[in-house]
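Notes follow once the structure below has been shown.
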Amino acid sequence: MKRKLKRLFEMQTETDHFLADPVNGFFVRVSSLFNEFLQLYREKKSEEDILVHLRKKTSGDEIKMLFNKMDTHSDSLFITEKKGERNNFIRPDYINTLTLNVTNDCNLECKYCFEKPNPEMRRNQRKEMRADVAIHALDLYLQQLPVKSGYVVFSGGEPLLNFRTIKKVVDYANNRSKVPVRFSMKTNGILITEEVASCIRDNDFMVQISLDGPAAVHDRYRVFADGKGSYEKVMRGIDRLISKNCREKFSLLGVLTHENSGKLRNSLAHLSNFQGGMCAINPVMADDEAAFALTDEDLVQYMDLILSGMGFQPDHIFQPGFIKKMIERLTPICGIGLWNVSVDFDGTVYPCYRLSGIEELRMGNIFENGMKLTVPQKIIDLYEDRKKRCNNCYANLFCHRGCYAQKYIDRSLDKCACNEKRIADIMFKRILSDPKITERFLQI
């Protein structure tokens, strides 16, 4: 067995060098001797060769003390590689979330839409899911469901462009399903009519509406094909829900871009005025070259707001389990391709609606395979990366969560699927800049 140095969080200032595994509460101030060890180790030198090198420059007692400390904290510093060790991929026994991609059409042309920088991911023609396809998918889903309730998500495009299919699925589930079914939908809110609002009110329905902030913020990117902003029409949809006493049935989700990062607090306050449920603003998913992509400074503002909203204090990092609990609160695990699958308009099944139409990610078709689906190797690789390539990284727990569709896209672009790691790096750099925190660190 060979020891391999973990990819710990690392930060250097003019006077200090720090290593940390914040999730597990391990924080180290690096001595000059340990720093030299690290440099040689990263040059692929063996521990035996490093020992020979250090003996030429340093006393035996100091070297012994260094290696004793490293042995004491070996579990935090190193990961042990065992020959022949394998991680077997295990898929859950059933699907607990069914997404119905009821249309690939949309009534907006949002400038930061995830499909724009990836035209090969767009389907060539505008398609809608027929009600009989959706109901067949629902039947198959419910037949394999061992639990006492189901969860169905309507997605698009803009799903309300095909409200007639949504309504038929909801009515069918209410009248024919032996178990209660909860519904949810992501929408831009523009097509929330009186009929739609009544359907949401009268059923077990949660709706996530896209709203970036006040009109000046929202209308910068969320526009119609003619370039006009959509804020006013989104507000009409929200007002209809409120008039139907649906405040607890919708949440608001905004997108943080470089241009609106300075208005983040005002935008979040604006969102919180409209409903009684959850509201949030998430970082835009974008290539680094995009004009609206976030800079590190933008993410610092974002994390400051998030952490202050959680009542976070820097010395909380020393509380056992605090960072892990914080991560679990910040970001869920989507589970695409495992317990969460998406059925496209023609019955073809993909891991996620964002990945519909990508042939290598095709899991089957409900008319050919039912719900006996094959998890694509590319998706297995994403989950297995956590145990293989990412296993020795301090941000593993961060990157295990989040959007796996985006991770697939980033992998395709030969990038580390670590937007979460980038945020983690920025967050801990911010925290560790406080000398009152770092003075409590162990020295090796």
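The values are calculated or read from the model by the stated rules, or taken from the named source; none is laboratory data. All values reported here derive from a predicted model rather than from experimental measurement. As a convention, Cβ positions derive from the backbone with ideal geometry for all residues, glycine included, and neighbour counts pool all protein chains shown. Note: accessible area is taken over every heavy atom of the protein model, side chains too, but ligands, DNA and RNA are not part of it. Shrake-Rupley method; radii C 1.70, N 1.55, O 1.52, S 1.80 Å.
Check Ala280 against each of (1) part of a strand (DSSP E or B); (2) crowded, with 19+ Cβ neighbours inside 10 Å and name the one condition it does not meet.
Condition not satisfied by Ala280: (2).
Which strands (runs of 3 or more DSSP E) does segment 135-215 wholly contain that include 2 or more residues that are under 25 Å from Tyr350 (Cα atoms), in contact (Cβ under 8 Å) with a residue 12 or more places away in the chain and open to solvent by 30 Å² or more (accessible area, probe 1.4 Å)?
Per the criteria, 181-187, 205-210.
Could you list, in sequence order, all residues of segment 352-403 that are among the basic types (Lys, Arg) and either closer than 25 Å to Leu138 by Cα or outside any helix (DSSP H, G or I) (or both)?
Matches in segment 352-403: Arg354, Arg362, Lys372, Arg386, Lys387, Lys388, Arg389, Arg401.
Could you list all residues from segment 223-236 that are open to solvent by 20 Å² or more (accessible area, probe 1.4 Å) and closer than 19 Å to His258 by Cα?
The one that is open to solvent by 20 Å² or more (accessible area, probe 1.4 Å) and closer than 19 Å to His258 by Cα: Gly229.
Look at segment 14-28 and say how many of its residues are open to solvent by 50 Å² or more (accessible area, probe 1.4 Å), in contact (Cβ under 8 Å) with a residue 12 or more places away in the chain and closer than 24 Å to Glu62 by Cβ.
Adding up the residues that qualify gives 0.
Hey, can you tell me all the residues within segment 430-444 that are of a type outside the set (Val, Ile, Thr) and either assigned to a loop (DSSP other than H, G, I, E, B) or at pLDDT 85 or above (or both)?
Leu432, Ser433, Asp434, Pro435, Lys436, Glu439, Arg440, Phe441, Leu442, Gln443
Can you tell which of Phe398, Phe318 is touching a Ser or Thr at 6+ places or on another chain (Cβ under 9 Å), modelled with pLDDT under 90, open to solvent by 10 Å² or more (accessible area, probe 1.4 Å) and not charged (D, E, K, R)?
Checking each option against the conditions leaves just Phe398.
Could you please tell me which pairs satisfy a Cβ distance under 9 Å, a separation of 6+ or placement on different chains, a first residue in segment 246-268 that is without any contact (Cβ under 8 Å) to a residue 60 or more places away in the chain and more than 22 Å from Phe114 (Cβ to Cβ), and a second residue that is among the charged types (D, E, K, R) and open to solvent by 60 Å² or more (accessible area, probe 1.4 Å)?
These pairs meet every condition: Cys246/Arg201; Cys246/Arg240; Lys249/Arg201.
Quick one: in segment 56-95, of everything that is under 39 Å from the mean Cα position of the chain (by Cα) and small (Gly, Ala, Ser), which residue is modelled with the lowest pLDDT?
Checking each candidate, the answer is Gly84.
Please enumerate the residues belonging to segment 336-347 that are surrounded by fewer than 19 Cβ atoms within 10 Å (Cβ to Cβ) and out of contact with any strand residue (DSSP E or B) (no Cβ under 7 Å at 6 or more places or on another chain).
Asp346
For the condition out of contact with any His (no Cβ under 6 Å at 6 or more places or on another chain) and open to solvent by 40 Å² or more (accessible area, probe 1.4 Å), what is the one hit in Phe312, Phe367?
Of Phe312, Phe367, the one residue that is out of contact with any His (no Cβ under 6 Å at 6 or more places or on another chain) and open to solvent by 40 Å² or more (accessible area, probe 1.4 Å) is Phe367.
I'm trying to understand the selection: among the residues of segment 216-245, which are outside any helix (DSSP H, G or I), of a type outside the set (Ser, Thr, Tyr) and in contact with a strand residue (DSSP E or B) (Cβ under 8 Å, 6 or more places away or on another chain)?
Passing the criteria: Arg222, Val223, Gly229.
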